[in-house]
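First comes the structure, then the notes that go with it.
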Amino acid sequence: MIWRRSKKKAVPRPRPGNRQQDIRRARNLSAERGSSRKFMLPVAIVCLVALGCGALWLWLPTLLTNADSWLKTENSFLVKEIIIEGNHRCRRPEIIKALNLDSRQLIFTFSLMQAQRRITDLPFVKQAVISRRLPDRLQIVIKERQPKALLYLNDLYMVDGEGVVIAKAQPAEKLDFPLISGVSLQEWRQRPQVWRGLLKKAMWLLKIWEERRPQLPEEVSQIVMDEACGLNLFTTGRNWELQLGFDNYDERLERWQQVLQVLGKRAATVKYFDCAGESSVVAGLRQSQ
């Protein structure tokens, strides 16, 4: 029997450079795993938040309904008092009606902006500010439009300083304002933009006249609007007619005052003053009787 010694397989020795490469590969692999974990964590958080928001959105109507019913049952946060300030011409019942509140209205569950818009649509109301005063009070502050003139459109209508037609004048009201005329109701409806523009010019003229009032001998009785010629103003005492055109009212009134100073007492014989020129004033005398 012959015994043979088995030869051991030669194991290749690692080269000096291979070990360093393996270390680098291991480090890179661990870094990649760490970065992927860092990326997955925010994604998981976002998914959980999205699921929570979705569930809340689905249950929100039910939660609000239950909260509304519970608060009404407990008589908590119901509107029990409404304080209105600044209204003189606009009546309280009209404002309360425009609020459009339920009989058992929670103070949180109605839109302040929509309520303010409805109140602003009322005659005489220029601005309305509504505030919640917890737990059960609403405060409404009204800023009203003030009439400055009367517009004749087959009936008399009050107009504010901005040229906004407020409301129809009531016979019982004492209204001592200048009259604005020259347009019919039919013409107003056919060309509203043209006549509204002239009405704003008329109110601007009245404002300038009021600012100059201490220096002027008379007050304004009437302003006649003319689509082709602009504005003609009539005074109270001597019934002078001032033809003022479409613009530059301040300068034209200044020239008219200078002419009055030159004429002195003779100004009483003048019927009209054509002030629509750029740098001149033409005076027309009254017919002698």
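The values are calculated or read from the model by the stated rules, or taken from the named source; none is laboratory data. These numbers were taken from a predicted model, which means no experiment stands behind them. Note: ideal-geometry Cβ built from the backbone for every residue, glycine included; neighbour counts use all protein chains shown.
List of remarks:
- If you go through segment 244-262 and keep only what is in a helix (DSSP H, G or I) and either more than 33 Å from the chain's Cα centre (by Cα) or of a type in the set (S, T, N, Q) (or both), you end up with R252, L253, E254, R255, W256, Q257, Q258, V259, L260, Q261, V262.
- Boolean, Q190 is polar (S, T, N, Q) and out of contact with any strand residue (DSSP E or B) (no Cβ under 8 Å at 6 or more places or on another chain): yes
- Scoring Y272 on the criteria (1) aromatic (F, W, Y); (2) part of a strand (DSSP E or B); (3) within 18 Å of L206 (Cα to Cα) leaves a single failure, condition (3).
- Number of the condition not met by F177 [criteria: (1) assigned to a loop (DSSP other than H, G, I, E, B); (2) at negative phi; (3) touching a residue at least 24 places away in the same chain (Cβ under 8 Å); (4) out of contact with any Lys or Arg (no Cβ under 7 Å at 6 or more places or on another chain)]: (4)
- Looking across segment 141-159, the residues that are more than 17 Å from the chain's Cα centre (by Cα) and outside any loop (DSSP other than H, G, I, E, B) come down to P147, K148, A149, L150, L151, Y152, L156, Y157, M158, V159.
- The condition (being outside the structural domain of I208 (by TED's automatic domain parsing), farther than 30 Å from T236 by Cβ and assigned to a strand (DSSP E or B)) is satisfied by just one residue among S103, S131: S131.
- Scanning segment 186-245 for residues that are acidic (D, E), under 19 Å from Y152 (Cα atoms) and free of Cβ contacts under 8 Å to residues at least 12 places away in the same chain gives a single hit, E187.
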